[in-house]
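Encoded as structure tokens, here's the structure I'll be asking about.
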Amino acid sequence: EKGGFDWFMEKEINEQPQAVADTLLGRTDETGALVLDELRISEEQLRSVDRITFVACGTSAYAAMIAKYALERWTRIPVEVSLAHEFRYCDPIANDHTLVVSISQSGETMDTLMAVKHAHDLGALTLSICNTHGSTIPRESDGVLYTHAGPEIGVASTKGFLSQITACYLLGLYLAQLRGEAYADDTRVVLTELQETPDRIAEVLDRLERVREIARFMADTRSVLFLGRHVGFPVALEGALKLKELAYIHAEGFAAGELKHGPIALIEPGQPVFIVVPGPDTPHGLHGKVVSNIQEIRARGARTIVLAQDGDTAVEPFADEVIRVPRTSPMLQPLVTAVPLQVFAMELANAKGLDVDQPRNLAKSVTVE
Ligand code: F6R
């Protein structure tokens, strides 16, 4: 049942190209336009949306954070991300022009369900991005966009996460299509590249030996930091969460720009830091800024483990380790950079002799508040 792998998580990590491909399948017509009939929300209602709020917990909330960058760029609709358990108690602002998008792999997370019900009571349109057919959250929502990752059994979300990002991008591109044009990118170009990402993810899966070795060497590590910017920031948060939940190691993710506002004080000789580096062509010179961040922490003795695109040689002078990922456009990078971080956490937990599929204190679906 584990398909020859030691853990369900490992199997599910390896299923990610398929999970993303299946989430994209059948969602375009013969002209290449997106068709999301299953949404159950009319085009007219969607066109009237002037505000989007994502509600989710844990890894699903990181998918929502990534979605915010993409949806605002493509649709110019203001997007907010709220942890579902915070949403309900903060007097959220929502009305019939608000689209509240919940993201839940299981479709049973109580905090997220209650946020959806609250949004419904406020008169908002509710859309569920969910991986589980017939589960409660899609049933309680106006519309649904299923991810087609297949059953996720390992407690730590992996293929669920990548398929959520994919579904969010489909939603963003669809809203852009409905509204005429995408503002910043050509939606067709992004969609075509999105359709090619399963191959990019497969390439990542083929070159994970070094990350596994690094993880095995680090079995005694007590603290690991993760840095990223832009869509790489939620990826850093996800890398830290995976390490906490699987390997029980203290881990924190930061936006790299925050470093000098406090976290850089944590850097002491030998401190391992993962850095998710945006591609060299990322707008606003972000690549150079992250390279400077690496330089700053390296000068203070950090052990830098750098995730960088193929051909990005600028990171090499400041990297103790470079983990290469295939080139993608900036927005699609999380679909490749998340993978080595999942494998790192899994392998480290394995090296510590821990149960990768069933970490202590955690349940696959959190059906209580
Ligand atoms: C982390 C993880 C959790 C879930 C969270 C939400 O690996 O699995 O953080 O992402 O509990 O679960 P769903 O998506 O089922 O609502």
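The values are calculated or read from the model by the stated rules, or taken from the named source; none is laboratory data. Keep in mind that what you see is a predicted model, and the values were worked out from it rather than measured. Heads up, the Cβs are rebuilt from the backbone with ideal geometry, glycines too, and the neighbour counts pull from every protein chain shown. The accessibility values were calculated without ligands, DNA or RNA, using every heavy atom of the protein model including side chains. Shrake-Rupley method; radii C 1.70, N 1.55, O 1.52, S 1.80 Å.
Carbon and sulfur atoms: what percent of the 1.4 Å accessible area of the chain do they account for?
On the way: 7110 of 14600 Å².
That share works out to 49 percent.
May I ask you to order 351-364, 194-207 by the average number of other C-beta atoms within 10 Å around their residues, highest value first?
Working: 351-364: 14.2, 194-207: 17.6.
The densest-packed peptide leads the list: 194-207, 351-364.
Just check the chain against the gyration tensor rule for me: Cα atoms, a ≥ b ≥ c as the square roots of the eigenvalues, rounded for a/c under 1.5, and otherwise prolate or oblate depending on whether a/b exceeds b/c. Write down the numbers at each step before the final one.
Working: a/c = 1.59, a/b = 1.40, b/c = 1.13.
Cα axes put the chain in the prolate bin.
Compute the long axis of helix 286-299 from its Cα atoms, compare it with the longest principal axis of the Cα atoms of the chain, and write down the angle in degrees, 0 to 90, nearest 10.
Taking Cα atoms only, the helix is inclined about 30 degrees.
I would also like to ask the following. For T31 and D199, what is the calculated FRET efficiency with R₀ set at 35 Å and r taken between the beta-carbons, to the nearest 0.05?
On the way: r = 23 Å, r/R0 = 0.66.
The pair T31/D199 has a calculated efficiency of 0.90.
Okay, helix-only estimate at 222 nm for the chain: each DSSP H run of n ≥ 4 adds -39500 (n - 2.57), divide by all residues, round to 500 deg cm²/dmol; what do you get?
-13000 deg cm²/dmol
If I fit a long axis through the Cα atoms of helix 232-247 and take the longest principal axis of the Cα atoms of the chain, what angle between them do I get, 0 to 90°, rounded to 10?
70 degrees
Name the residue farthest towards the positive end of the dipole of segment 1-67 from the options T59, F8, L36, assuming +1 on Cβ of Lys and Arg, -1 on Cβ of Asp and Glu, about the Cα centre.
Ranked along the dipole, the leading option is T59.
Pull out a ≥ b ≥ c, the square roots of the eigenvalues of the alpha-carbon gyration tensor of segment 228-310, then state rounded if a/c is under 1.5, prolate if not and a/b is larger than b/c, and oblate in the remaining case.
Details: a/c = 1.75, a/b = 1.24, b/c = 1.42.
In terms of gyration-tensor shape, oblate.
For an R0 of 35 angstrom, estimate the FRET efficiency from the Cβ-Cβ distance between E43 and C90 and round to the nearest 0.05. Numbers along the way, then the final one.
Working: r = 31 Å, r/R0 = 0.88.
For R0 = 35 Å, the calculated efficiency reads 0.70.
Using the structure shown, select from K289/K352; K117/K364; K68/K117 the pairs with a Cα to Cα distance greater than 32 angstrom. Each step should come with its number before you reach the end.
Numbers: K289/K352 35 Å; K117/K364 22 Å; K68/K117 22 Å.
Checking Cα-Cα distances, K289/K352 exceed 32 Å.
State the extension gain, in nm to one decimal, for the chain segment bounded by S223 and N361, taking 0.36 nm per residue of separation less the distance between their alpha-carbons. Please report the intermediate quantities before stating the final value.
Numbers: separation 138, 0.36 × 138 = 49.68 nm, distance 2.00 nm.
This chain segment gains 47.7 nm when fully extended.
What number comes out for the charge environment of A124, summing +1 per Lys or Arg and -1 per Asp or Glu over other residues with Cβ under 14 Å away? Walk me through the intermediate numbers first.
Numbers: positive: R51, R88, K117; negative: D50, E80, D91, D96, D121, E140, D142.
Local net charge: -4.
Once both axes come from the Cα atoms, what is the angle between helix 159-178 and the longest principal axis of the chain, in degrees from 0 to 90, rounded to 10?
Value to nearest ten degrees: 50.
So what's the net charge close to D310: Lys and Arg +1, Asp and Glu -1, counting the other residues with Cβ under 11 Å from its Cβ? Kindly include the intermediate steps, with their values, before the conclusion.
On the way: positive: R200, R207, R324, R327; negative: E203, D312.
Charge balance near D310 sits at +2.
Of the options V356, L171, L46, report the single residue whose Cα projects farthest towards the positive end of the charge dipole of the chain (beta-carbon charges: Lys, Arg +1; Asp, Glu -1).
V356
Only four residue types carry charge here, +1 at the Cβ of Lys and Arg and -1 at the Cβ of Asp and Glu. Report the dipole size of segment 221-291 about the Cα centre in Debye, rounded to the nearest 20.
Numbers: 6 positive and 6 negative charges, 11 e Å.
For segment 221-291, the charge dipole is close to 60 debye.
Using alpha carbon centroids, what distance separates segment 77-133 and segment 208-244, in Å?
First find each Cα centre; the distance between them is then 29 Å.
Using only Cα atoms, locate the centre of segment 327-358 and the centre of segment 17-52, then give the distance between them in Å, rounded to an integer.
Centre-to-centre (Cα) distance: 28 Å.
Taking a ≥ b ≥ c as the square roots of the eigenvalues of the Cα gyration tensor of segment 160-310, is the shape rounded (a/c under 1.5), prolate (a/b larger than b/c) or oblate? Each step should come with its number before you reach the end.
Working: a/c = 2.16, a/b = 1.63, b/c = 1.33.
Cα axes put segment 160-310 in the prolate bin.
Sort 247-254, 308-315 by the packing proxy (mean of other Cβ within 10 Å over each peptide's residues), most packed first.
Values: 247-254: 20.2, 308-315: 16.8.
Descending mean neighbour count gives 247-254, 308-315.
Then there is this: Mind ranking 25-38, 1-14, 265-278, 57-70 by how tightly packed they are, going by the mean number of other C-beta atoms within 10 angstrom, highest first?
Numbers: 25-38: 12.6, 1-14: 17.7, 265-278: 19.7, 57-70: 24.4.
My ranking of the peptides, most packed first, is 57-70, 265-278, 1-14, 25-38.
Something else about it: Would you mind working out the magnitude of the charge dipole of segment 131-239 relative to its Cα centre, with +1 at each Lys and Arg C-beta and -1 at each Asp and Glu C-beta, to the nearest 20 Debye? Write down the numbers at each step before the final one.
Details: 11 positive and 15 negative charges, 64 e Å.
In debye, rounded to 20, segment 131-239 gives about 300.
Can you tell me the dipole magnitude for the chain around its Cα centre, using point charges on the Cβ only (Lys, Arg +1; Asp, Glu -1), in Debye to the nearest 20?
Numbers: 34 positive and 51 negative charges, 173 e Å.
Its charge dipole is roughly 840 debye.
Skip the ligands, DNA and RNA, and give the accessible area per residue of the chain with a 1.4 Å probe, whole Å².
Working: 14600 Å² over 369 residues.
Each residue of the chain exposes 40 Å² on average to a 1.4 Å probe.
What is the local net charge at Q16, summed over the other residues whose Cβ is closer than 12 Å to its Cβ (Lys, Arg +1; Asp, Glu -1)? Could you put the intermediate results ahead of the total?
Values: positive: K11, K159, R200; negative: E10, E12, E15, D22, E152, D199, E203.
Spelling it out: positives minus negatives among the neighbours equals -4.
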